[in-house]
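A.B. asks: Below you will find the structure I want to go over with you.
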Amino acid sequence: MSEKGPKITEGYMPFLGYKVYYRIVGEKKNSKKPLVLLHGGPGSTHTYFEVLDKVSTLDDRMIISYDQLGCGNSFVEGHKELWNLKTWIDELKALREHLQLDEIHILGQSWGGMLEIAYISDENPKGIKSVILSSTLSSSQLWGKEQHRRIKYLPQEDQDAIAEAEKTGNYNTPGYIKANDTFMKRHCNYVVDENTPECLKRKKKFGTEAYETAWGPNEFTPIGNLKDFDYTEKLKSWKVPALIISGTSDLSSPLVSKTMYDNIPGAKWELFENSRHCCFVDENEKYVKLLIEWLNKHD
């Protein structure tokens, strides 16, 4: 942390006999409700969210991120029975209680948005000032269908390699790996170069077991225990202010995002023209400005 940067507090919360890492940027202000960030995966980590630390500085607001059980500083493996929606919802509930987060905004990106959607829909939690659904989805099957539509725009050899992998269940062939890399570069991965913030280049412990158990082998084949995740109808009963953010080249395609927008009463949707799956990286300044405006409107 630089001398001029916000105060950063790190800690661990006991959960199911394990330890869950959390990171707090800034300090709680009565008028500014904390923002809780839910990372993607399942099995990714909080690290890419550090590009949003500036929101704390610019908006004088506390921001909380954490590594969900199974990855990063909360790494656990060999316990496939843990990697399900209930575990991660219970973890979020426990974190709010542990840190006394009575009134909050929540931002979920990718899988983190799925977690957020289920939490709001099933738990009807108190104290949620607003939600931000960033590059996420309300239906796993729609997500898979949209990715398969986009696979048809890949070179034929890549299409064939993916089809063969899905037919055989072997996702380790050089042809498939190359095809998946091509697909992810188009719709997911951000550019890493000499100007990339350190947090985006930092080595992290990805929760492969959590990802494969809950989701599947890749972004377009949801065959894990989240394969039947579909909360689209439940969105219609939401009463919380909701902001949807996605990119034109995002894994969360315009159809996926519009499906959420069409079903959440009074939702706002911002489509980022030059973004893939991490709009807060690809168009950071625009994202930060939009986020700060939204949070202050709904405090």
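The values are calculated or read from the model by the stated rules, or taken from the named source; none is laboratory data. In this text, all values refer to a predicted model and were calculated from it rather than measured experimentally. Glycine also receives a Cβ, built like all others from the backbone with ideal geometry; neighbour counts cover every protein chain displayed.
A.B. asks: So in the range 123-140, with the set limited to residues that are touching a residue at least 60 places away in the same chain (Cβ under 8 Å) and closer than 17 Å to SER237 by Cβ, which one is nearest to the chain's Cα centre (by Cα)?
C.D. replies: My answer is LEU133.
A.B. asks: Here is a follow-up. Given the conditions (1) among the hydrophobic types (A, V, I, L, M, F, W, C); (2) modelled with pLDDT of 95 or more; (3) under 22 Å from SER110 (Cα atoms), and given that ALA165 satisfies all but one, which numbered condition is not satisfied?
C.D. replies: So ALA165 meets the others, but not (3).
A.B. asks: When you scan the range 170-186, do you find a residue that is within 17 Å of LEU251 (Cβ to Cβ), out of contact with any helix residue (DSSP H, G or I) (no Cβ under 6 Å at 6 or more places or on another chain), touching a residue at least 40 places away in the same chain (Cβ under 8 Å) and not acidic (Asp, Glu), even just one?
C.D. replies: Yes, the range 170-186 contains a residue that is within 17 Å of LEU251 (Cβ to Cβ), out of contact with any helix residue (DSSP H, G or I) (no Cβ under 6 Å at 6 or more places or on another chain), touching a residue at least 40 places away in the same chain (Cβ under 8 Å) and not acidic (Asp, Glu).
A.B. asks: Here's another thing I want to ask about it. Among the listed residues ILE132, ILE177, which satisfies the condition of being in a helix (DSSP H, G or I) and either of a type outside the set (Phe, Trp, Tyr) or at positive phi (or both)?
C.D. replies: ILE177
A.B. asks: Those residues that are of a type in the set (S, T, N, Q) and either modelled with pLDDT of 95 or more or crowded, with 17+ Cβ neighbours inside 10 Å (or both), I need them from the range 168-199; list them, please.
C.D. replies: THR168, ASN170, ASN172, THR173, ASN180, THR182 - these are the residues of the range 168-199 that are of a type in the set (S, T, N, Q) and either modelled with pLDDT of 95 or more or crowded, with 17+ Cβ neighbours inside 10 Å (or both).
A.B. asks: Looking at the range 200-217, is at least one residue within 18 Å of the chain's Cα centre (by Cα), at pLDDT 95 or above, surrounded by fewer than 13 Cβ atoms within 10 Å (Cβ to Cβ) and assigned to a helix (DSSP H, G or I)?
C.D. replies: no
A.B. asks: So, in the range 218-245, of the ones that are outside any loop (DSSP other than H, G, I, E, B) and touching a strand residue (DSSP E or B) at 6+ places or on another chain (Cβ under 6 Å), which residue ends up surrounded by the fewest Cβ atoms within 10 Å (Cβ to Cβ)?
C.D. replies: Ranking the qualifying residues of the range 218-245, first place goes to ASP230.
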